[in-house]
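First comes the structure, then the notes that go with it.
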Amino acid sequence: MDKLKKEYYFIAILLVCFVSLTIFVVLGKTSMIDERFYNGVINFKNDSATKILYLITSLASTISIIVLLILTGIIFWKNKSISDFKYVILNVGAGVFVSQILKIAIKRSRPVWKWIMQDGFSYPSGHTITAFLFYGTLILLVYKKVNGKWKVPLILLFLFMILLTGFSRIYFGAHYLTDVIASLILGSIILLISNLFMNMEFSNDKNKDRKTI
């Protein structure tokens, strides 16, 4: 119960952080930090970094995520764990839905310094929250379900993809730092809620196995 309470408290704290950040963004209080951070990031600009980060950011596009979901679903199906795959679908879907609602409600224009083609509003970052929830849900499932030598490498790979996706959105000027931070906070809230349901389901499964034995 104590662990459950801690998760609820953490979700509440993240919600407060998100609401506070959103208020600052709407009031235009984050312009200076956003611009300064971008100016710092752009110092890393070079051809190699651009090629790598463009690939990373492309993997978080709508079409790429759909392809990744299909491929991942096949892997889960072959491993006879397709029921676990519903968390990936639900979390990614929730992230897309919430981020689109917020974009329409807040209507923050994209940075004037963007140097790739990108339509729509800026806050929060759709690419970042989609990648965060896709890879983040896989991290949770790997942590809970996978044993052996591939566990840590897979978790590190997925974490690396999350961080690089967020960084790439700022690198290309498609989003402000605060857009990415907002997406990470939102994604964390959705993952924590999802984790509560995972724990209940997996705990029930273990109890059923024990009764069967």
_Here is a list: Ser83, Ser122. Which entry is surrounded by 21 or more Cβ atoms within 10 Å (Cβ to Cβ), over 12 Å from the mean Cα position of the chain (by Cα) and of a type outside the set (Lys, Arg)?_
Ser122
*Residues of segment 14-25 satisfying the condition of being farther than 20 Å from Lys114 by Cα and of a type outside the set (S, T, N, Q)*: Leu14, Leu15, Val16, Cys17, Phe18, Val19, Leu21, Ile23, Phe24
*Sole residue being outside any loop (DSSP other than H, G, I, E, B), within 30 Å of Asn199 (Cβ to Cβ), out of contact with any strand residue (DSSP E or B) (no Cβ under 6 Å at 6 or more places or on another chain) and among the aliphatic types (A, V, I, L, M), chosen from Ile23, Ile13*: Ile13
_Of everything in segment 36-47, what is open to solvent by less than 90 Å² (accessible area, probe 1.4 Å) and either within 18 Å of Ile185 (Cα to Cα) or in contact (Cβ under 8 Å) with a residue 12 or more places away in the chain (or both)? Give them in sequence order._
Phe37, Tyr38, Val41, Ile42
*Selection status of Gly173, more than 26 Å from Phe76 (Cα to Cα), open to solvent by 50 Å² or more (accessible area, probe 1.4 Å) and either in contact with a His (Cβ under 8 Å, 6 or more places away or on another chain) or not in a helix (DSSP H, G or I) (or both)*: no
*Failed condition for Asn39, given (1) polar (S, T, N, Q); (2) modelled with pLDDT of 95 or more; (3) over 22 Å from the mean Cα position of the chain (by Cα), with all others met?*
(2)
*Is there any pair linking a residue in segment 92-103 that is farther than 12 Å from Ser122 by Cα to one that is open to solvent by 40 Å² or more (accessible area, probe 1.4 Å) and of a type in the set (A, V, I, L, M, F, W, C), with Cβ under 9 Å and at least six apart or on different chains, and which?*
Ala94/Ile193
*Name the one entry in Ile104, Ile65, Ile89, Ile56 that is open to solvent by 90 Å² or more (accessible area, probe 1.4 Å) and either part of a helix (DSSP H, G or I) or not β-branched (Val, Ile, Thr) (or both).*
Ile104
*Does segment 129-150 include one or more residues that are more than 19 Å from Gly73 (Cα to Cα), open to solvent by 30 Å² or more (accessible area, probe 1.4 Å), modelled with pLDDT of 95 or more and under 14 Å from the mean Cα position of the chain (by Cα)?*
no
*Please find, among Leu157, Leu164, the residue that is part of a helix (DSSP H, G or I), out of contact with any His (no Cβ under 9 Å at 6 or more places or on another chain) and surrounded by fewer than 17 Cβ atoms within 10 Å (Cβ to Cβ).*
Leu157
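The values are calculated or read from the model by the stated rules, or taken from the named source; none is laboratory data. Owing to the predicted nature of the structure, the values given are computational and were not obtained by experimental measurement. Every residue, glycine as well, gets a Cβ built from its backbone with ideal geometry; the counts of neighbours run over all protein chains shown. All accessible areas refer to the heavy atoms of the entire protein, side chains included, with ligands and DNA or RNA removed. Shrake-Rupley method; radii C 1.70, N 1.55, O 1.52, S 1.80 Å.
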